[in-house]
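Chemist: Right, I'll just put the structure down here and ask away after.
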Amino acid sequence: MHELEIHLDHVDVDLGEARILHDLTLSLSGSGHFAVLGDNGAGKTTLLRLLVGELWPSQRSGGARTYVLRGETFLSPIAARPHMRFVAPDMADWYQRHELQVPVWEVICAGLRNAPFLYHEASPEEREQARVLGSDMGLITVLDRPMRAVSTGQAKRALLARAMIAEPKLLAVDELGQGLDRRGRFQLLDSLERIAVSGRTRLLVSGQGVLAMPDAIRGRIYLEHGRLADGPASVRTTPLNLPKRSAPQGAAETVLDVRSCTVVMDGLPAVDSLTWAVQAGESWGVLGHNGSGKSTLLQMITGYRRPWPGGSLTWFGQAGRFDVSAIRDRIGILAPWIKEWIEPEATCRDVLLSGLCGGLGVHRGLSEGQMLEAEILAGSWDMADWLSRPIRSMSYGQARQVMLARAVVHGPELVVLDEPFSGLDASWQGRMAALLRDLTAQGRTVVLATHTPEFTADLLSHGLILERGRDMARGPWGEICGSPAFARLFGPVQGA
């Protein structure tokens with residue numbers, strides 16, 4: 001790692017017309033590893049992308065970025081790019097979105113050429129190299145499984161292995177713990193610790209200030225609003241002035257009726273003989289380790305995966321044949337894969353309006369009344385100033401709020417959310433919880449998968465715990481929190 005240095009001298013970074021990083025001067029040299037810390041919107045991801053050469057400094061300012069490779073200085077990252085690797089949360093989503101049958105070992109092997117998969121027949125030596133590295137990362141049992149079919153934690157370690165197979169001099173890992181349960185975070189920390197102590201690769205890891213870091217990472221780079229800071233910052237979101245609501249009283253209705261449903265992915269049951277019912281106005285938390293089947297269940301109840309013959313799934317009491325697209329008009333969905341389909345240059349207004357017609361950042365045929373309703377929602381959620389900005393210029397927390405607004409702007413009866421708190425700092429998690437409480441107060445039915453139950457104590461009415469696709473515990477939230485299955489996931493909860 002001594003052979004590669006990166007120096008920033010009064011560098012700014014612009015995305016569109018927005019300045020994201022301001023006047024940064026820092027150096028990565030010597031033998032140390034670094035953590036980039038800050039709240040959502042601090043600029044952590046942008047800094048990592050700048051350092052690995054995916055972004056360029058602003059041409060409107062006079063700053064300079066230089067790379068020193070084996071003693072030779074370069075103003076361009078081109079010479080250094082083969083010696084750097086970047087691992088980001090949305091890379092795993094890419095394999096899910098494209099439904100590719102690419103096995104884990106091939107993803108690892110493709111890292112030799114920094115490609116998403118192989119464009120040539122792997123040599124026996126390359127296959128063996130991928131298998132050895134995959135085994136070192138604790139992936140020996142899933143190396144032949146498709147990348148899209150492994151758990152979030154396994155996918156992150158596979159992407160680390162994909163990066164490490166090229167023996168990079170710099171490895172940048174964005175948002176260390178995003179999407180991982182407690183066990184997955186420990187496994188990832190252990191993998192990163194072993195990389196750090198090897199002494200061959202410099203680690204540059206981003207995360208929020210409270211997140212545990214490998215012991216070998218001693219250096220700290222603190223960011224606040226895109227500027228270097230002397231220590232941890234505590235940025236707070238603007239409080240929302242949401243109206244007080246009381247849930248309307250209506251006739252009891254079964255919103256979801258799941259009976260003996262099984263979903264098989266790549267020969268293994270991701271949801272296994274599940275029977276479950278959700279009544280109107282209930283708010284359910286779906287819990288479980290990475291790989292327990294939570295996301296697959298949410299895909300099934302939103303009509304994007306079909307249960308195997310022998311099971312039945314009905315929505316809103318509709319029996320017999322029905323139009324799934326019409327059912328989806330009554331459902332709002334927040335999931336990581338949806339944002340991956342939206343063009344980065346789409347404005348927040350376009351993203352919000354697209355929720356009125358089932359689009360992904362594009363819309364057409366909307367009435368003036370519909371557009372006015374969307375503007376009113378944006379104002380009540382303190383988003384009016386965001387509407388003209390491209391989604392790629394938003395902080396992670398802001399983008400998540402925009403995607404939630406897109407999910408509910410059409411007034412769905414059922415709102416389904418996959419890890420709505422993942423990747424958010426404590427301030428944005430609190431804001432997300434407030435928005436979800438407002439939805440439940442309106443009488444909407446909510447189903448959400450989460451690894452963060454501490455933000456849901458006054459939000460959820462019921463809980464379902466999955467393990468390998470099976471129902472391990474189900475019932476009112478207070479009972480679930482005191483169950484052995486809950487303790488295995490999170491440990492005992494105060495007051496439970």
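The values are calculated or read from the model by the stated rules, or taken from the named source; none is laboratory data. Predicted model only: the values in this text are computed from it and were never measured. Please note: Cβ atoms are built from the backbone with ideal geometry, for glycine as well, and neighbour counts cover all protein chains shown. These area figures cover heavy atoms from the full protein model, side chains too; ligands, DNA and RNA do not enter into them. Shrake-Rupley method; radii C 1.70, N 1.55, O 1.52, S 1.80 Å.
Chemist: Based on this model, can you work out whether residue 133 counts as out of contact with any Asp or Glu (no Cβ under 9 Å at 6 or more places or on another chain), within 26 Å of residue 32 (Cβ to Cβ), free of Cβ contacts under 8 Å to residues at least 60 places away in the same chain and open to solvent by less than 30 Å² (accessible area, probe 1.4 Å)?
Modeler: No.
Every residue, every condition in (1) farther than 25 Å from residue 223 by Cβ; (2) of a type in the set (Ser, Thr, Tyr); (3) part of a loop (DSSP other than H, G, I, E, B), yes or no:
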residue: 59; (1), (2), (3): no, no, yes
residue: 65; (1), (2), (3): no, no, no
residue: 82; (1), (2), (3): yes, no, no
residue: 85; (1), (2), (3): no, no, no
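Chemist: Given the criterion assigned to a loop (DSSP other than H, G, I, E, B) and surrounded by 14 or more Cβ atoms within 10 Å (Cβ to Cβ), identify the matching residue among 285, 332, 303, 317.
Modeler: 303
Chemist: Checking the conditions here, which among 421, 490 is among the aromatic types (Phe, Trp, Tyr) and within 26 Å of residue 374 (Cα to Cα)?
Modeler: The match here is 421.
Chemist: Another question, then. What's the number of the condition residue 491 fails, among (1) under 28 Å from residue 253 (Cβ atoms); (2) at pLDDT below 90?
Modeler: (1)
Chemist: Only one of 85, 113 is among the charged types (D, E, K, R), open to solvent by 30 Å² or more (accessible area, probe 1.4 Å) and out of contact with any Phe, Trp or Tyr (no Cβ under 7 Å at 6 or more places or on another chain); which?
Modeler: Just one listed residue meets the conditions, 113.
Chemist: Output the residues belonging to the range 116-125 that are open to solvent by 80 Å² or more (accessible area, probe 1.4 Å) and part of a loop (DSSP other than H, G, I, E, B).
Modeler: Of everything in the range 116-125, those that are open to solvent by 80 Å² or more (accessible area, probe 1.4 Å) and part of a loop (DSSP other than H, G, I, E, B) turn out to be 119, 121.
Chemist: Taking residue 463 as meeting all but one of (1) among the small types (Gly, Ala, Ser); (2) over 22 Å from residue 270 (Cα atoms); (3) crowded, with 20+ Cβ neighbours inside 10 Å, write down the number of the exception.
Modeler: Condition not satisfied by residue 463: (2).
Chemist: Now, a different point. Have a look at 397, 379, 355 and point out the one that is closer than 25 Å to residue 433 by Cβ and touching a Phe, Trp or Tyr at 6+ places or on another chain (Cβ under 7 Å).
Modeler: After ruling out the rest, the residue left standing is 397.
Chemist: Can you name the residue in the range 265-278 that is surrounded by 15 or more Cβ atoms within 10 Å (Cβ to Cβ) and either of a type outside the set (Gly, Ala, Ser) or under 27 Å from the mean Cα position of the chain (by Cα) (or both) and, of all such residues, is modelled with the lowest pLDDT? Spell out how you get there, then give the answer.
Modeler: Going residue by residue through the range 265-278, those that are surrounded by 15 or more Cβ atoms within 10 Å (Cβ to Cβ) are 265, 269-274, 276, 278.
Right, trim to either of a type outside the set (Gly, Ala, Ser) or under 27 Å from the mean Cα position of the chain (by Cα) (or both) and you get 265, 269-272, 274, 276, 278.
Working: 265: 82, 269: 90, 270: 90, 271: 94, 272: 94, 274: 96, 276: 96, 278: 96.
Step by step, filter the range 265-278, then rank; the result is 265.
Chemist: Check whether at least one residue in the range 35-53 is over 23 Å from residue 212 (Cα atoms), outside any strand (DSSP E or B) and β-branched (Val, Ile, Thr), and report yes or no.
Modeler: There is at least one residue in the range 35-53 that is over 23 Å from residue 212 (Cα atoms), outside any strand (DSSP E or B) and β-branched (Val, Ile, Thr).
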